[in-house]
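Visitor: I'd like to ask you about the structure that follows.
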Amino acid sequence: MNERDGQPVVELDDVEVHFEQSGGLFDIFDDPEYVQAVNGVNLEIHENDFVALIGESGCGKTTLGKTAIGIQRPTGGNVRYRGQDVWAAKDGKGDVSIPHDKIRRALQMIHQDPGSSLNPNKTVLKSLSSPLRRWEPEMTTDDREARIHGMLERVGMKPPEDYANRFPHQLSGGEQQRVALIRALLMNPDLILADEAVSALDVSLRVDMMDLLLELQDQFDTSFLFISHNLSNARYMAEKTGGRIGIMYLGEIVEIGTPDEVLGNPQHPYTKVLKWATATLHPDAETVAQPPIREVDVPDPVDPPSGCRFHTRCPEAREVCAERSPELDLVGTSETHRTACYRIDDDHEYWDSPELSDEDDVTLAQIESGGPTESSATDD
C-alpha cells in the first residue's frame, strides 16, 4: 500500500482478526458468534515510516496495531517482519531466518495509560534496568545506569538522578509517558506502536509530547504506528514526518494516503464524516447544517453489513454498494492515495445502479453519539 522502495519493516497481508464472543449461561448449545475486529487488511510500514490509524471506538484500530507488532495472533492472513512470518518464528515452523526474540525486541509499544504498565513498587531506574538486563546482559550496572540517565535527560526529565529514583506515583502523566517511551526506545526498535499515546494528556502537553516523539523518531531512526481517534493529532504528526493517515471503519481500512490527500481531498464518505466532525479541520463546520451521514445505528461487528460496510450510513450508497465490497484502489494518478469506494471510478457500474432508500434523515445526533471527537475515548 505504501509505494516506497525496499523491503518493508512490517507487512500485513490480508490480515483478519476474529474473536469468539462469549455467550451467557444458556448459550452453551448455540453456535459461537465471532466479532470481526479486523477484516482483510493490507498494510506496509517501512524504515523511518509514520502511519496513523484513525476511526471510531470499536473500529479495530488497536487490534490491528497489536497484530502488526506481533502481540495479537491473526486468525487469517500473514504478518511479516523483514520478510519473516512473525507467527511462524514464534511457533518454530519452517525455515526461520529471524528468531522470534529478535522480532519481539524490534517491535515495541507504548500504551495510552503508562501508569498501568509501570510497576508501582519499582523506581524508574529499576523498571528501565529490567529490559537492559535481559537484552544486554553484558552491560555493567554502571553502564546501565549511565544509559538510563542519558535517556531521561534526553526526554527532558532533569536532573535525571532525581527522576531515576522516583516511583510511578511520584510522576505526572506526561512524565510516566516519557518513561514508557524510554523503555521502548532502549530496545532500539524498528517499529513502535503508540496506542493513544497523547490522548490522556492535557491539551497543553500534547504538542510537547508529539514534538518529542518526532525528535526521537529522527534520532533513533524508528517507525511509528500511531493509533488515535483525533484527526488533528494525526495530521500534525503525519505532516511533520511525511507520513500517512489511514481511516478505519468496522475492521477495514477505507482510505489511506498523505495528510494532503486524505484530509485535503477525501474520497471515502466516511473520511468526510470524520473531517466534518473535527472542528479544527473544518473551520466552517458551524455553517454546515447537516453532517454527510444517514441516521442509522452503527452496524454490529458480529453481523456486519454485506458489500461496503459503510453503505448503511452512507448518503451516497447505491444498490451495488450493498452487494459487493469495493477494493482499496489508487485514486487517480496518485501513488499513495487509496480508497475503497466505487465513486472514484467514473466508469464503474455504481453510477447506473439504483439508489438505496434515503428515508433516513441526516442528523447531527449520529455524529454526536457515535463519531470520534476531541473528547471521545477509544477502547478497541
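Visitor: Just give me the residues in the range 3-31 being at pLDDT below 95 and in contact with a His (Cβ under 6 Å, 6 or more places away or on another chain), in sequence order.
Guide: 4 - this is the single residue of the range 3-31 that is at pLDDT below 95 and in contact with a His (Cβ under 6 Å, 6 or more places away or on another chain).
Visitor: State which residue is surrounded by the fewest Cβ atoms within 10 Å (Cβ to Cβ) when the search covers only the range 65-87 and only residues that are polar (S, T, N, Q) and without any contact (Cβ under 8 Å) to a residue 60 or more places away in the chain. Working first, answer last.
Guide: Pass one, the range 65-87, residues polar (S, T, N, Q): 67, 72, 75, 78, 84.
Okay, now just the ones that are also without any contact (Cβ under 8 Å) to a residue 60 or more places away in the chain, so 67, 72, 75, 84.
Values: 67: 27, 72: 19, 75: 16, 84: 18.
Of everything passing the filter in the range 65-87, 75 is surrounded by the fewest Cβ atoms within 10 Å (Cβ to Cβ).
Visitor: Which residues, counting only those in the range 166-190, are among the polar types (S, T, N, Q) and touching a residue at least 12 places away in the same chain (Cβ under 8 Å)? It would help to see each step written out before you state the result.
Guide: Filtering the range 166-190 down to residues among the polar types (S, T, N, Q) leaves 170, 172, 176-177, 188.
Correct list: 176, 177, 188.
Visitor: Okay, moving on. Picking from 315, 326, which residue would you name as being on the phi < 0 side of the Ramachandran plot, touching a helix residue (DSSP H, G or I) at 6+ places or on another chain (Cβ under 9 Å) and modelled with pLDDT under 95? Walk me through it before giving the result.
Guide: Numbers: 326 fails: modelled with pLDDT under 95.
When all the criteria are applied, what remains is 315.
Visitor: Also: Go through (1) touching a residue at least 40 places away in the same chain (Cβ under 8 Å); (2) farther than 20 Å from residue 65 by Cα; (3) surrounded by 22 or more Cβ atoms within 10 Å (Cβ to Cβ) and name the single condition residue 163 misses.
Guide: For residue 163, the failing item is (1).
Visitor: What single numbered condition from (1) surrounded by 24 or more Cβ atoms within 10 Å (Cβ to Cβ); (2) within 24 Å of residue 336 (Cβ to Cβ); (3) modelled with pLDDT under 95 fails to hold for residue 210?
Guide: For residue 210, the failing item is (1).
Visitor: For residue 119, which of the numbered conditions (1) crowded, with 16+ Cβ neighbours inside 10 Å; (2) within 17 Å of residue 182 (Cβ to Cβ) fails to hold?
Guide: Residue 119 satisfies all of (1) crowded, with 16+ Cβ neighbours inside 10 Å; (2) within 17 Å of residue 182 (Cβ to Cβ) except (1).
Visitor: How do the helices (runs of 4 or more DSSP H) wholly within the range 112-171 filter down when requiring 1 or more residues that are closer than 24 Å to residue 195 by Cα: which remain?
Guide: Numbers: elements: 114-117, 124-135, 141-154, 160-164.
Those helices (runs of 4 or more DSSP H) span 114-117, 124-135, 141-154.
Visitor: Which one is modelled with the lowest pLDDT among residues in the range 329-377 that are in contact with an Asp or Glu (Cβ under 6 Å, 6 or more places away or on another chain), closer than 30 Å to residue 17 by Cα and of a type in the set (S, T, N, Q)?
Guide: 366
Visitor: Separate question: So residue 234 ticks every box in (1) at pLDDT 95 or above; (2) not in a strand (DSSP E or B) but one. Which box is left unticked?
Guide: The one condition residue 234 does not meet is (1).
Residue-wise test of (1) in contact with a strand residue (DSSP E or B) (Cβ under 6 Å, 6 or more places away or on another chain); (2) of a type in the set (Val, Ile, Thr); (3) touching a residue at least 12 places away in the same chain (Cβ under 8 Å).
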{"position": "35", "(1), (2), (3)": "yes, yes, yes"}
{"position": "54", "(1), (2), (3)": "yes, yes, yes"}
{"position": "59", "(1), (2), (3)": "yes, no, yes"}
{"position": "63", "(1), (2), (3)": "yes, yes, yes"}
{"position": "89", "(1), (2), (3)": "no, no, yes"}
{"position": "92", "(1), (2), (3)": "no, no, no"}
{"position": "114", "(1), (2), (3)": "no, no, yes"}
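Visitor: Go through the range 253-268 and report how many residues are of a type outside the set (A, V, I, L, M), part of a helix (DSSP H, G or I) and at pLDDT 95 or above. Write out each step before concluding.
Guide: Within the range 253-268, the subset of a type outside the set (A, V, I, L, M) is 255, 257-261, 264-268.
Now restrict to residues that are part of a helix (DSSP H, G or I): 259-261, 264.
Cutting the leftovers down to at pLDDT 95 or above gives us 259-261.
Residues in the range 253-268 being of a type outside the set (A, V, I, L, M), part of a helix (DSSP H, G or I) and at pLDDT 95 or above: 3 in total.
Visitor: Of all residues being out of contact with any strand residue (DSSP E or B) (no Cβ under 7 Å at 6 or more places or on another chain) and not in a helix (DSSP H, G or I) in the range 176-192, which is surrounded by the most Cβ atoms within 10 Å (Cβ to Cβ)? Just the residue, please.
Guide: Looking at the filtered set, the residue picked out is 186.
The values are calculated or read from the model by the stated rules, or taken from the named source; none is laboratory data. None of these values were measured; they are calculated from a predicted model. Cβ: placed from backbone, ideal geometry, glycine included. Neighbour counts: every protein chain shown.
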